[in-house]
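The values are calculated or read from the model by the stated rules, or taken from the named source; none is laboratory data. Keep in mind that what you see is a predicted model, and the values were worked out from it rather than measured. Cβ placement follows ideal geometry from the backbone for every residue including glycine, while neighbour counts extend to all protein chains displayed.
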Amino acid sequence: MKIRALTLVLIISLIGCLSCRKTTKTIGNNLEPTNNYIVDTIWFNDQDNITTSTFTVPSLSTKQLGYAFIGNMNDPVFGNSNFDFYTQLSLSTSSLSWGENAVADSIYLDICYNGYYGDTTDKQLTLRIFEIAEDMFADSTYKSNMVLQCESENLTEETDFTFVPRPLTPVDTIIDRGVLHIPMSMSLAEKLMSNEYAADTVFKSFFKGLHLVCDKDDIAASAVSFNLTHSYSYLRLYYHNEADTVMKYDFKVTSSDVRFNHYTHDYSNSEITFNDTTSNQKLYVQGAAGTRVWVKFPNIQQWADTLDGNVIINEAKLVLNGAVDADTNFYAPPTKLVAAAAKFDTDTTYVILPDQLVSSDYFGGYYNNTDRNVWFRITEYIQNLIQNGTYATDCNGILLYVDQGSLVPHRWAFHGPGSNGADDRMSLRIVYSIVKD
């Protein structure tokens, strides 16, 4: 009897517990009728709703970059690009005295490869080196379009010094990359040995530095980058004096030496149409102070005004799809693009978009090798356009450009809103809610 009574108590208790459970509901699902809250998606992917244009980058600061570029590249899509650089040199000791009756024997410039962009297969580059004729200053600004005065004499030993870039071929077991070895003219060695230097400032006053430039030609070729501050990069002078049979001295590029890259682009043989908001089958971004793209959404505010209620942007994603072009093995797309609010009081001013402040993973901009596309999440930016007609004072659209464009020569072509294939076009995908009063 006790067992039967205990069992009955347990059954009654279990029923009581089950009767206390509540059905799980969505928070707020009973606050207003469902017809007062609508969620929908819209795609803008035509020239009426997305206005775009490709235009050139005026200049970028290239002072004290990690790598120096030389080369001449003929891109089948983007045309010709030429890369050169200017750099100071420093003494490798606090002072320099050559000794009695010193005589120069030979002089070489060795610069350590960093990498390349373009076609390095059996393509030669013609290199010339000149002495800089004007002072360079640590507190001055040096940009990609600046040119310094140089002496007229080419300082390479050969009048036409040509080389095939071999950046990935090590010179020995110690270094994991190649070194470009350039025999220099004896006139340079004799000039350097015509003076003695009590300090590095004395040397820099006497010898301003070197300008390395490649001739322009019609071969495909490439842009080659060099690490000037690497331990295997130096201007090495061999000499002898009365005390020693053979001696050597290295002039080095240090981290404090002023140096900058100079870039020129000739788009006359490219497929790009500049500053045109109507011919937008393709759009073009290029690093090394090349090209960037301007994007506007002229009808966003009008579209929102046609909807019956307050528009809340749940997500806005700008998607760029790569256009088919030639030689992508040689001309890889940039790893990352940047989107910023265009501020057209000058050609180079921009404002960071609010969505970028969330996180890089949220904001996007990374090239996807599988889908061959880049996307940006610009939700807050679009919400601002709807509410205020603009994002910030004097802002007018979005700039798209290559990340680290002063140092990265990569380029990319993508479909614009005027592309023939609707599925490939640049598109703005908006997921939105309408909240009725």
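Just one of (1) part of a loop (DSSP other than H, G, I, E, B); (2) within 25 Å of Ala104 (Cβ to Cβ) fails for Pro170. It is (2). For segment 307-340, what are the residues that are at pLDDT below 90 and either farther than 24 Å from Met73 by Cβ or not charged (D, E, K, R) (or both)? Across segment 307-340, the qualifying residues are Leu307, Asp308, Gly309, Asn310, Val324, Ala326, Thr328, Asn329, Phe330.
Within segment 122-138, can one find any residue that is without any contact (Cβ under 8 Å) to a residue 24 or more places away in the chain and either assigned by TED's automatic domain parsing to the domain that holds Ser233 or in contact with a Gly (Cβ under 6 Å, 6 or more places away or on another chain) (or both)?
In the first step, residues of segment 122-138 are kept if they are without any contact (Cβ under 8 Å) to a residue 24 or more places away in the chain; the result is none.
Checked segment 122-138: no residue is without any contact (Cβ under 8 Å) to a residue 24 or more places away in the chain and either assigned by TED's automatic domain parsing to the domain that holds Ser233 or in contact with a Gly (Cβ under 6 Å, 6 or more places away or on another chain) (or both).
In segment 375-420, the qualifying residues are those that are among the aliphatic types (A, V, I, L, M) and over 30 Å from Tyr267 (Cα atoms), and the one that is surrounded by the fewest Cβ atoms within 10 Å (Cβ to Cβ) is Ala392. Exactly one residue out of Leu31, Leu14 is more than 30 Å from Cys214 (Cβ to Cβ), at pLDDT below 50 and surrounded by 10 or more Cβ atoms within 10 Å (Cβ to Cβ), and it is Leu14.
Filtering Asp361, Asp371, Asp355 for residues that are touching a helix residue (DSSP H, G or I) at 6+ places or on another chain (Cβ under 9 Å) and modelled with pLDDT of 90 or more leaves a single hit, Asp355. Of all the numbered requirements in (1) modelled with pLDDT under 95; (2) buried (at least 20 other Cβ atoms within 10 Å of the Cβ); (3) not in a loop (DSSP other than H, G, I, E, B), Gln301 misses one, and that requirement is (2).
None of Lys25, Lys2, Lys63 is at pLDDT 95 or above and of a type in the set (D, E, K, R) except Lys63. Filtering segment 65-122 to residues that are of a type in the set (Ser, Thr, Tyr) and either touching a Lys or Arg at 6+ places or on another chain (Cβ under 8 Å) or crowded, with 16+ Cβ neighbours inside 10 Å (or both) leaves Tyr67, Ser81, Tyr86, Thr87, Ser90, Ser92, Tyr108, Tyr113, Tyr116, Tyr117, Thr120. Within segment 198-225, the set of residues being aromatic (Phe, Trp, Tyr) and either touching a helix residue (DSSP H, G or I) at 6+ places or on another chain (Cβ under 8 Å) or surrounded by fewer than 19 Cβ atoms within 10 Å (Cβ to Cβ) (or both) comprises Phe206, Phe207. Exactly one residue out of Asn114, Asn145, Asn154 is of a type outside the set (Ser, Thr, Tyr), out of contact with any helix residue (DSSP H, G or I) (no Cβ under 8 Å at 6 or more places or on another chain) and within 14 Å of Tyr86 (Cα to Cα): that is Asn145.
Residues in segment 174-190 that are surrounded by fewer than 17 Cβ atoms within 10 Å (Cβ to Cβ) and under 22 Å from Tyr86 (Cβ atoms): His181, Pro183, Ser187.
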